[in-house]
Amino acid sequence: MADSTIPDTMKAIVVKETGGLEAMTLDPSYPVPKVGDNQVLIKNEFAGLNFIDTYYRSGLYKQACPFVSGQEGGGTVVALGSKASEESDLQIGDKVVYVALVGSYCEYSAVPASKVVKVPESIGMEKALACMVQGLTAHYLTTDAHAGLIQKDQWCLIYSVGSGTCQWAAQMAKIQGYKVIGTTSKSKANVVPKGACDELIVLDPAEGKSHADYNAIDIPKKVMEITNGGGVKCIVDGVGQSTYDISIKCLARRGIWISFGNASGPVPPIPISRFTPKSAFCT
């Protein structure tokens with residue numbers, strides 16, 4: 001089942017070889033993907049831009065080249081695979097968003113029906129799309145990833161609360177009843193959501209980098225002052241290389257460090273013995 005106006009080719013941002021920004025090229029005649037049995041074809045109106053896209057483009061996360069970049073998008077259903085039409089309530093013309101697929105920087109994307117969410121008219125496409133990669137990631141980080149090792153009224157540390165996912169995470173952590181220590185650079189302090197943090201540590205920007213200077217302040221000392229020496233039960237860390245050592249020092253006994261990103265570079269191998277003194281966890 002398909003719209004008769006689907007072209008054979010489309011515009012797409014293609015990564016032919018991994019590297020810097022120059023690795024992304026505009027292909028004006030990239031083939032429109034064929035729809036598999038369990039897929040739907042979506043004519044994209046929006047594509048989400050996320051930090052994880054840079055990991056695939058740079059080669060930090062492996063993906064066979066060439067590939068179309070992008071992890072999330074939204075638009076209109078224009079074709080349905082045979083099983084997708086039988087096993088879902090999706091129809092041609094539905095407004096939808098999708099996530100967890102490499103290939104949204106383009107005009108058309110073939111997406112498993114299971115990854116597609118209908119957009120309610122009351123929300124609209126832009127807001128719905130903004131909820132996908134960052135919103136769903138933040139929800140997982142604050143409700144499931146910690147494995148129940150933090151409880152209401154206990155402290156958590158969330159880095160980069162002025163940016164993307166962790167703006168969401170700080171607010172969701174407060175909804176769960178946790179006490180939140182957030183960090184942000186001075187340039188983003190004014191966009192930290194109001195009421196998202198009980199304590200906010202504001203840092204100088206790192207020269208020539210997109211992240212803050214995590215050595216500008218003795219963060220473990222500050223965290224221990226705030227928590228009366230107890231440390232934090234949960235750490236949400238999307239920064240990586242610049243913060244992993246800080247994170248381990250900030251943990252409370254039987255606390256958990258959740259490492260989910262590498263904004264400053266990948267985390268090196270860590271001896272498990274680093275976690276032994278506090279019987280701490282990492283994931």
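Here are a few things to note about the model shown:
- Fraction of accessible area attributable to carbon and sulfur, the chain (%, probe 1.4 Å): 52 percent
- Annotation: residue 249 carries an accessible surface of approximately 110 Å², with a 1.4 Å probe and no ligand, DNA or RNA atoms counted.
- Rolling a 1.4 Å probe over the protein chains gives residue 51 an accessible area of about 100 Å².
- Helix axis angle, 164-175 relative to the chain longest principal axis, alpha carbon, degrees: 60 degrees
- Average accessible surface area per residue within the chain, 1.4 Å rolling probe, Å²: 50 Å²
- Cα-projected label distance for residue 221 with residue 117, points at 7 Å along beta-carbon direction, nm: 4.3 nm
- All-pairs Cα distance distribution in segment 131-172, expressed in whole percent, bin size 5 Å: 6, 24, 32, 25, 11, 2
- Computed FRET value (nearest 0.05) for residue 127 with residue 200, which takes r as the C-beta separation and R₀ as 30 Å: 0.70
- Protection-proxy order for peptides 29-35, 147-153, 269-275, each taking the mean of Cβ atoms within 10 Å per residue, highest first: 29-35, 147-153, 269-275
- Per-residue HN-Hα couplings for segment 43-60 [Karplus 6.51, -1.76, 1.60; θ = phi - 60°; Hz; x = Gly/Pro]: 8, 6, 9, 9, 10, x, 10, 9, 4, 4, 4, 5, 5, 5, 5, 7, x, 4
- For the chain, the share of DSSP beta bridges that are antiparallel, to the nearest 5, is 60%.
- Between residue 23 and residue 152, the distance separating the two model label sites (each 7 Å from Cα on the Cα→Cβ line) works out to 4.6 nm.
- Cross-link reach list, aspartates and glutamates versus residue 222, counting only Cα pairs under 20 Å and skipping chain neighbours closer than eight places: 153, 198, 199, 204, 213, 237, 245
- Cα-Cα over 32 Å, subset of 62/127; 43/188; 34/127; 118/194: 43/188
- Here Rg and Dmax of the Cα atoms in Å was calculated from the structure, and among (1) 21.5, 76; (2) 21.1, 66; (3) 18.9, 60 it sits at label (2).
- Angle of helix 133-143 to the longest C-alpha principal axis of the chain, folded into 0 to 90 degrees and rounded to 10: 40°.
- Spatially, segment 262-283 and segment 180-213 are offset by 23 Å when compared through their Cα centroids.
- With at most 16 neighbouring Cβ atoms within 10 Å, loop GluC sites (Glu not before Pro) (DSSP) excluded, longest segment of the chain: 18-120
- Vicinal HN-Hα couplings computed from phi for segment 176-190 (Karplus, 6.51 cos²θ - 1.76 cosθ + 1.60; Hz; Gly/Pro x): 6, x, 7, 8, 10, 9, x, 10, 7, 7, 4, 5, 10, 4, 7
- The gain in end-to-end length when the residue 187 to residue 11 segment is fully stretched comes to 59.9 nm, 0.36 nm per residue minus the alpha carbon separation.
- Length released on extending from residue 175 to residue 136, taking residue separation times 0.36 nm less the Cα-Cα span: 12.5 nm
The values are calculated or read from the model by the stated rules, or taken from the named source; none is laboratory data. For clarity, every value in this text was computed on a predicted model and none was experimentally measured. Note that each Cβ is placed from the backbone with ideal geometry, even for glycine, and that neighbours are counted across all protein chains shown. Accessible surface is based on the protein model in full, side chains and every heavy atom, while ligands, DNA and RNA are left aside. Shrake-Rupley method; radii C 1.70, N 1.55, O 1.52, S 1.80 Å.
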